[in-house]
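Presented below is the structure to which this report refers.
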């Protein structure tokens, strides 16, 4: 069974290189985002694609905090990829005796996909990874509310086995695993509110360990991810009328 699960995992990783629900007109410039530990220069082509897929404002905002050229590198030829088929929600892929059902589950990224194999009641939930760390939405294009809805959707499948991109496989009380995973989001939100005993700037939250317990490697990058998590919570709280921002400071409403 473990061999089977890992085979599904690697197959899904290959398929996940295709973006989902993307209506970009220029299909040849759609790429899969792959981050590597090996550091190297950011070439002109990749910079142009970053500018297209991320907002220019977000790119400039990162540049003030991070040395992006030393943190991001891409494998040779990654930008030569051409997308021949965009997977859509509910599409069924015949693997010859197995059916791979695509599930559109945005949140971690706008085009995030999970895959379900009905013949074995097995779900590969990718970056809905059910870890104790909880959901990761520490980049500009992630969305907390989308993530919550995706967690709830996958929970309703009530699969026998869940394999993820970072942990598992999970068996047994799968429903509780999804509940615990979702609860991390609300726990983080409560932590953010606890710090708003007085008006706080976003920068105040830098290095406060609200998301990560420590920053064992690449601390500037980890703190940047953490700050984006906090910022998304502040904006979500503001949208729900629980906090407001005045003169660059966040405070309870």
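Could you please state, rounded to a whole Å, how far the C-alpha centre of the range 177-232 is from the C-alpha centre of the range 79-139?
Value for the Cα centre distance between the two parts: 26 Å.
Please sort 117-128, 150-161 by packing, taking for each peptide the average over its residues of neighbouring beta carbons within 10 angstrom, highest first.
The most tightly packed comes first, giving 117-128, 150-161.
Along the Cα→Cβ direction, 7 angstrom out, place labels at residue 195 and residue 98. What is the inter-label distance in nm?
According to this spin-label approximation, the distance is 4.2 nm.
May I ask you to order 82-90, 140-148 by the average number of other C-beta atoms within 10 Å around their residues, highest value first?
Result, highest mean first: 140-148, 82-90.
Could you tell me what a quarter of the Cα convex hull surface of the range 142-198 works out to, in nm² with one decimal place?
4.8
Among 105, 131, 164, rank each residue by its count of other Cβ atoms within 10 Å, from fewest to most, as a rough exposure measure.
By the 10 Å Cβ count, ascending, the order reads 131, 164, 105.
Rounded to the nearest 0.05, what FRET efficiency do residue 179 and residue 133 have when you use their Cβ-Cβ distance and R0 = 22 Å?
Result of the calculation: an efficiency of 0.90.
Quickly work out the residue 85-to-residue 246 label distance, labels modelled 7 Å from Cα along the C-beta direction, and quote it in nm with one decimal.
5.7
State the Kirkwood hydrodynamic radius of the range 195-252 in Å, one decimal place, computed from all pairs of distinct Cα atoms.
11.9
Read-outs throughout are calculated quantities, based only on the coordinates presented, and are distinct from any laboratory measurement. As the structure is a computational prediction, the values presented were derived from the model and not from experiment. All Cβ positions, glycine included, derive from the backbone under ideal geometry; neighbour counts span all protein chains shown.
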